[in-house]
Structures are given as structure tokens and as C-alpha cells.
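Chemist: This structure is in C-alpha cells; I'll ask about it shortly.
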Amino acid sequence: MKIAIIEDELLAVNYLKDLLDKQNIIPVTEIVVLRSKKKAIDFFENNSADLIFMDIHLGDGMSLEIFEQVELFTPIIFITAFDEYAMRVFKHFTIDYVLKPFEEEDLHQALQKFVSIRNNFDPEPLLKSISTLRQGEDPEMMKRFMVREGNKLRSVDEQNTAYFFASGKYLFLTTKDNQTYIFDDTIKDIIQKLNPQVFFKVNRKFIINKDAITEIIKHSSQKVELKLSPEPEVSSEIFISKTQITDCLNWLNS
């Protein structure tokens with residue numbers, strides 16, 4: 001199993017790694033250590049793990065902010081010195097919440113819980129439900145988008161929207177006639193409101209209208225580039241996230 005440890009304190013990392021090396025509850029083939037929120041976001045944008053150990057407070061922010069940037073469906077064991085976040089973390093795929101300082105037995109109990117859930121959980125119905133939702137079109141999906149144009153507001157329809165892109169703290173909408181406007185939403189929230197037959201979130205910064213794609217360049221099986229029209233000013237190269245390549249290519253074929 002591939003384990004990811006999101007923890008900024010080196011002593012805590014080494015202690016956990018030592019306990020994982022000694023236990024025989026789960027087979028550990030690889031341990032990836034991510035010592036900041038940024039490194040965790042960058043890693044999970046293109047990689048995955050079988051189990052995550054996550055601290056709450058990191059040097060560059062709260063680890064819970066990672067969920068705002070990437071979608072994680074990986075089981076998580078939180079290990080932290082703070083008990084006030086226990087209720088918040090269980091809206092994610094949380095297996096256990098272990099308080100520091102913890103003993104070897106505490107880790108073993110969390111791992112036993114993980115093994116028990118994994119052995120008794122069949123993910124197939126959930127995956128089928130997600131697939132059905134992605135393929136279907138919700139009648140509540142947004143067809144028009146209100147954007148700012150100076151001190152005025154303008155409505156842009158779905159067919160004239162080339163893509164959405166995030167830059168800094170803002171989300172922007174670019175039209176097919178190459179006009180760019182600030183759009184009051186986040187990339188994480190707006191993707192839930194768009195027609196999945198028309199739009200796809202290709203990475204953590206771009207949601208693209210299928211009609212805006214002019215060329216697909218396959219550099220390798222894990223590196224696929226998209227050329228768009230109009231060409232984005234913020235980036236000359238748009239790559240599909242490694243974890244999204246198969247879904248994106250299926251979307252393009254649909």
C-alpha cells in the first residue's frame with residue numbers, strides 16, 4: 001500500500017514512519033512525506049495514495065484547505081494535537097481522529113478500523129452513482145453567467161463561454177470572442193453547476209468548454225496538452241491532470 005503522510009514536524013513524521021515499519025496490520029510498499037499544504041496539493045493534483053495520515057496545522061496553513069483545491073476520495077487518519085476539529089473532518093473520508101501524543105496501540109486501532117471498513121465496503125455502487133451523475137444533465141444546471149463589465153453587469157450564455165480559469169483569488173470567464181470577465185464564484189463550486197456534457201475541469205485552474213479545444217497533443221500516456229481558442233493569456237500550456245486524463249478523453253469522445 002502507498003501511504004501519504006501530511007505532517008510538517010520532522011520528529012512526528014519519523015515517529016509515525018517507525019511505527020508503520022513495525023506494524024503488520026497493513027502492507028506498506030511506499031511512504032510519501034508531504035510537509036506542507038502546497039506540497040500536498042501539488043502531489044494529489046497528479047498522484048494518489050491508498051491511505052493518508054494528516055495533521056491539521058501545517059506550516060503554511062490548515063490541511064483542511066487542501067480539500068478546497070483537490071478532490072480526495074482516499075481514506076484519511078487525522079493525527080493532531082487539537083480536538084476541536086473532530087466534527088469538521090468527518091465530512092471527508094475520515095477513518096479515525098487520533099490525538100497527539102499517541103501510542104503504538106492508538107495507531108494499531110486506527111489501522112484495524114481502516115482494514116475493517118475496506119474489507120466490508122463495496123465501492124462499485126458509489127462509483128456507478130458518480131458516473132451516472134456525471135453523464136446526466138441536471139435541469140438546474142446554469143445556462144447563463146452574470147459577469148462584471150466595469151460598473152455594469154452582462155449575461156454570457158453557455159455556448160459563448162470558452163472556459164473558466166482561476167488566477168490568484170479570482171475566477172475568470174473567457175468568451176469565445178476573447179473577452180475576459182471576473183466571475184463571482186470559485187472553480188470548485190462552479191463545476192457543480194455546469195452542464196457536464198459541455199464543460200470539464202481539466203486541472204485545478206481550468207474548466208473548459210469542449211468547443212474551445214482546437215488541438216490535443218499527447219506527449220506521453222501521462223502528459224496530454226490542450227490547445228484552446230482563444231488562447232489563454234495566463235498560460236501558454238494547458239495540461240490535463242494525470243488523474244483526469246482518462247475521464248477527459250472519454251468526455252471528448254462523448
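Chemist: With the crude spin-label approximation of a point 7 Å out along Cα→Cβ, what separation in nm comes out for residue 11 versus residue 48?
Modeler: 3.7
Chemist: Could you tell me the distance between the Cα centroids of segment 57-85 and segment 156-195, to the nearest Å?
Modeler: Rounded to whole Å, the Cα centres lie 28 Å apart.
Chemist: Is any helix in the chain, taking whole DSSP H runs, at least 20 angstrom long along its axis by alpha carbon and on average at least -1.0 on the Kyte-Doolittle scale, and which ones?
Modeler: Once both thresholds are applied, what remains is 104-120.
Chemist: Sticking with this one: Extension gain residue 177-residue 227, at 0.36 nm per residue separation less the Cα-Cα distance, in nm?
Modeler: 16.4 nm
Chemist: Could you check the simple spin-label distance between residue 18 and residue 242, using points 7 Å along Cα→Cβ, in nm with one decimal?
Modeler: Taking the simple label geometry, residue 18 and residue 242 are separated by 3.2 nm.
Chemist: Using the Cβ atoms and a cut-off under 12 Å, what net charge is assigned to the surroundings of residue 81, where Lys and Arg are +1 and Asp and Glu are -1?
Modeler: Local charge sum for residue 81: -4.
Chemist: May I pose another question? Which residue, 203, 151, 160, tops the fluctuation ranking in a GNM of the chain built on C-alpha contacts under 10 Å?
Modeler: 151
Chemist: Just to be sure I follow: if Rg is taken over the C-alpha atoms of the chain and Rh is the Kirkwood radius over the same atoms, what is Rg/Rh?
Modeler: Radius of gyration over Kirkwood radius for the chain works out to 1.02.
Chemist: Something else now. Quick query: amide H of residue 171 versus all other amide H atoms, modeled in the peptide plane; which residues come in under 5 Å with a sequence gap of 5 or more or a different chain?
Modeler: Those lying under 5 Å, H to H, from residue 171 are 183, 185.
Chemist: With both partners inside the chain, how many of the DSSP beta bridges are antiparallel, as a percent to the nearest 5?
Modeler: 65
Chemist: Take the chain, connect every pair of alpha-carbon atoms lying under 10 Å apart with a spring to form a Gaussian network, then pick out the residue of 53, 67, 172 with the largest mean-square fluctuation.
Modeler: So, out of 53, 67, 172, the one fluctuating most is 67.
Chemist: For segment 144-254, compute Rh as the Kirkwood radius over C-alpha pairs and then the Stokes-Einstein diffusion coefficient at 25 °C and 0.890 mPa s; write the answer in µm²/s, rounded to an integer.
Modeler: The Stokes-Einstein estimate is 172 µm²/s.
Chemist: Of all GluC sites (Glu not before Pro) in segment 178-245, which ones are in loop regions per DSSP and have a Cβ with at most 16 other Cβ atoms within 10 Å?
Modeler: Filter output for segment 178-245: 233, 237.
Chemist: May I ask for the net charge around residue 223, where only other residues with Cβ less than 13 Å from the Cβ of residue 223 are counted and Lys, Arg are +1 while Asp, Glu are -1?
Modeler: That works out to 0.
Values quoted throughout were computed directly from the atomic coordinates according to the rules given, and no laboratory measurement underlies them. Everything numeric in this text was worked out from a predicted model, so none of it was measured. Heads up, the Cβs are rebuilt from the backbone with ideal geometry, glycines too, and the neighbour counts pull from every protein chain shown.
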